[in-house]
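Peer 1: One structure coming up, written as structure tokens, with questions to follow.
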Amino acid sequence: MGKIFKYKSRAGNSTPHKFIKKPVIAKIIVAAIFIGFAMGLYFPFDIFQTNDALNVPQGNIKGFAEITDGDTIKINGRRIRFHGADAPEINQPCEIEGRQYQCGVEAKAYLNHIINNQTVTCQTISEDQYGRDIAKCYNYKNINLGAEMVLNGHAVAYTYYSWDYVIEEAKARYYNVGIWRGTFIDPYEFRNQN
């Protein structure tokens, strides 16, 4: 037990108390809570998150993109394939109500639209058998390009390699957007057939 001190209260009676009085401890706790709250206003919790959690790219490849197709770009001569997304091939046809259209061309056009001739930032994850960087890439608004392509129905979640965008694919199917408006061959299967 700690030391006990006697002090005279305002009423004049003396009572033994520990060195730090209970009202002082309560004031310290209230002050700490207030300071913590104030710091939370000035330093939001998300600054302590990782870049991936914030979806803020700190990429190792950055520049203007040349669009190859709906899931592949080139930046400064490096070929980059989007992680977790598989877009229809450029020559791949899809069908809506019995009418054929070039869904691979449409996917490339949509990617061109969301990049908007602005800088793209990519974080390399790995390299594929063709020497392309597999990466998560972000446009000038920090939108994940692979996720955006899947969400808008211009690519499918590439579940052979990743389950990252299955929710985006489910939303695209539900809202019948992009290739989900009609029928198509999975891009992976189309490549295997051709």
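Peer 1: Mind checking which of 124, 100, 90 is farthest towards the positive end of the range 77-126's charge dipole, using Cβ charges of +1 (Lys, Arg) and -1 (Asp, Glu) about the Cα centre?
Peer 2: Comparing the listed Cα positions along the dipole, 124 ranks first.
Peer 1: Lys and Arg at +1, Asp and Glu at -1: add these up for the other residues within a Cβ distance under 15 Å of residue 181 and post the number.
Peer 2: With Lys, Arg at +1 and Asp, Glu at -1, the neighbours total -1.
Peer 1: Another one. Net charge around residue 73, counting only other residues with Cβ within less than 11 Å of its Cβ (Lys, Arg = +1; Asp, Glu = -1)? All intermediate terms of the calculation are to be shown ahead of the outcome.
Peer 2: Values: positive: 74, 78, 79, 81, 108, 132; negative: 66, 69, 71, 133.
Neighbourhood net charge equals +2.
Peer 1: Still on this structure, I have one more. Which whole-number percent gives the relative contact order of the range 125-194, counting Cα pairs below 8 Å spaced six or more residues apart? Working shown, then result.
Peer 2: Working: 60 pairs, mean separation 13.9, N = 70.
So the answer I get is 20 percent.
Peer 1: Over 5 Å intervals from 0, what percent of Cα-Cα pairs in the range 118-194 sits in each interval?
Peer 2: Percent of Cα pairs in each bin: 3, 15, 19, 24, 21, 13, 5, 0.
Peer 1: Would you work out what percent of the accessible area of the range 77-166, with all protein chains in place, is carbon or sulfur (probe 1.4 Å)? Write out the running numbers ahead of the final one.
Peer 2: Numbers: 1950 of 4340 Å².
Carbon and sulfur together cover 45 percent of it.
Peer 1: A further question on this structure: Roll a 1.4 Å probe over the protein chains and send me the accessible area per residue for the range 64-103 in Å².
Peer 2: On the way: 1890 Å² over 40 residues.
About 47 Å² of surface per residue is accessible.
Peer 1: Only Lys, Arg, Asp and Glu count, each charged at its Cβ (+1, +1, -1, -1), so figure out the dipole size of the range 72-129 about its Cα centre, rounded to 20 debye. Write out the running numbers ahead of the final one.
Peer 2: Values: 6 positive and 7 negative charges, 66 e Å.
Dipole size: approximately 320 debye.
The values are calculated or read from the model by the stated rules, or taken from the named source; none is laboratory data. Just so we're clear, the structure is a prediction, and the values are computed from it rather than from any experiment. Here Cβ is always computed from backbone atoms with ideal geometry, including for glycine, and neighbour counts include all displayed protein chains. The accessibility values were calculated without ligands, DNA or RNA, using every heavy atom of the protein model including side chains. Shrake-Rupley method; radii C 1.70, N 1.55, O 1.52, S 1.80 Å.
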